[in-house]
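Nothing in this text is a laboratory measurement; each read-out follows from the coordinates by a stated rule. In this text the structure is predicted, and so the values were computed from the model without any measurement. All Cβ positions, glycine included, derive from the backbone under ideal geometry; neighbour counts span all protein chains shown.
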Amino acid sequence: MFDIKTCEVIVAIEKTGNLTKAAQMLGYTQPGISNIVRSLEEALGFPLFYRAHQGVSLTPEAKLLLPEIKAVLAGVKSLEQTVDSINGIKVGSLSVGSYSSTSMHYLSKWIEHFSKKYPNITFSIFEGGTVDLEEAINTYKVDIAIMSKQPNHSYNWIPLLEDPICAVLPPDFHYSGKSFNLSDYDQMPLIHHERGMDVDVDHVFDYMKSQGIIPIYKYCISFDRTMMSMIEHHLGIGIIPKLITDYYHGSLKTLPLNPPFKRELGIASLAEVPLSPVAKLFIDYCINHA
């Protein structure tokens, strides 16, 4: 009746509140995950989820089962950790979540050197924004995530480094200051992500709003490189973490913000799930090489 697959499905649906998002998270089709839920509900004899246009939510019966389901998943993780320990970390695997910017700038380099010492440890990398990484941690899709610290996080947290958030301007933008005043964004054309895609930049926007600074939100873009290309071609200005701009090969002018903003990058993991020996070893390496 219950197996690892069905347990992962229930936790994913509970976290996302949406069958389609849960299916994408676990690599299923939407009909496929619906069939898994339907078959389980028929076997149990009671429904697990309320369905509505706004999404799905747990029934009271499912809420009673959820702690036991999470305990099953934690038990599997514990078993994997024991196997790793028996093998003396000669073999093992690690799933790591990361922003694309931290993957390019740090994670690839760390894995390269780590793998020379531990060649039989395999890695699975999941990239996304902060919300994506939170979901990946909560649904056991990744063991650890290299991400920014947020006020509402309840994860185990290990700080690694700080990344300033910068004003990003066309290369010939005339500005004499050594930092860019946030007040100068007022009524300026802004190229930005949809809210929620980059929560660290959203904090800057919230501050600007509190100070009565109202840019012209002219272009909403999904991809960082597209945003920077549009800035380079004089379609507006932006606010972007520095690590992202470091891997753009066009011409841009970047200045620190005034007042300054930054994102604190570190390693997050679930507080209730002990780290595997492989995860501990890799985290130690990251701390020593950040």
Worksheet item: What base-10 log of the normalised intensity I(q)/I(0) is obtained for the stretch 21-144 from the Debye formula, alpha carbons as equal point scatterers, at q = 0.22 Å⁻¹?
Response: -1.35
Discussion item. With unit charges on the beta carbons (Lys and Arg positive, Asp and Glu negative) and the dipole taken about the Cα centre of the chain, which residue among Ile158, Pro189, Gly92 sits farthest to the positive side?
Written reply: Gly92
Worksheet item: Which three extents, in whole angstrom, do the alpha-carbon atoms of the stretch 4-82 cover along their principal axes, largest first?
Response: 43, 26, 21
Item to complete: Starting from the Cα of Lys109, draw a straight line to each of the lysines and keep only those under 21 Å, dropping any in the same chain fewer than 8 residues away.
Response: Lys90, Lys117, Lys242, Lys280
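If the viscosity is 0.692 mPa s and the temperature 37 °C, what translational diffusion coefficient in µm²/s does Stokes-Einstein give for the stretch 182-230 when Rh comes from Kirkwood over Cα pairs?
294 µm²/s
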Worksheet item: Who wins for biggest fluctuation among Ile216, Ile137, Ile33 in a Gaussian network model of the chain, springs between alpha carbons below 10 Å?
Response: Ile216
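Starting from the Cα coordinates of the stretch 63-217, work out the convex hull volume and express it per residue in Å³.
Roughly 158 Å³ of hull volume per residue.
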Worksheet item: Which percent, to the nearest 5, of DSSP beta bridges fully inside the chain are antiparallel?
Response: 60 percent
Worksheet item: Computed FRET efficiency, Cβ-Cβ of Met1 and Lys218, R0 45 Å: what is it to the nearest 0.05?
Response: 0.25
Worksheet, complete the sentence: Out of Ile240, Thr139, Ala12 - ranked by how far each Cα lies towards the positive end of the dipole of the chain, with unit charges on the beta-carbon of charged residues - the top one is Ile240
Discussion item. Using the Cα centre of the stretch 4-82 as origin and beta-carbon charges of +1 (Lys, Arg) and -1 (Asp, Glu), tell me which of Pro67, His53, Ser34 is placed farthest towards the positive end of the dipole.
Written reply: His53
Discussion item. Can you bin every Cα-Cα distance in the chain into 10 Å intervals starting at zero and give me the percent of pairs per bin, rounded to whole numbers?
Written reply: 6, 24, 27, 23, 15, 5, 0, 0
Worksheet, complete the sentence: Mean Cβ-within-10 Å packing, highest first, puts peptides 164-176, 92-104 in the order 92-104, 164-176
Discussion item. I need the Debye-formula profile for the stretch 174-290: one equal scatterer per C-alpha, no solvent, reported as log10 I(q)/I(0) at q = 0.18 1/Å, two decimals.
Written reply: -0.97
Item to complete: Express in % the proportion of alpha carbon pairs of the stretch 200-259 at distances exceeding 16 Å.
Response: 47 percent
Worksheet, complete the sentence: Under a Gaussian network model of the chain whose springs join Cα atoms within less than 10 Å, the largest fluctuation of Tyr106, Tyr207, Tyr140 belongs to Tyr207
Worksheet entry | Extension gain from Ala290 to Ser78, taking 0.36 nm per residue of separation minus the Cα-Cα distance | 73.5 nm
Discussion item. How big is the dipole moment of the stretch 91-290 about its Cα centre under a simple scheme where the beta carbon of each Lys and Arg is +1, that of each Asp and Glu is -1, and everything else is neutral? Debye, nearest 20, please.
Written reply: 380 debye
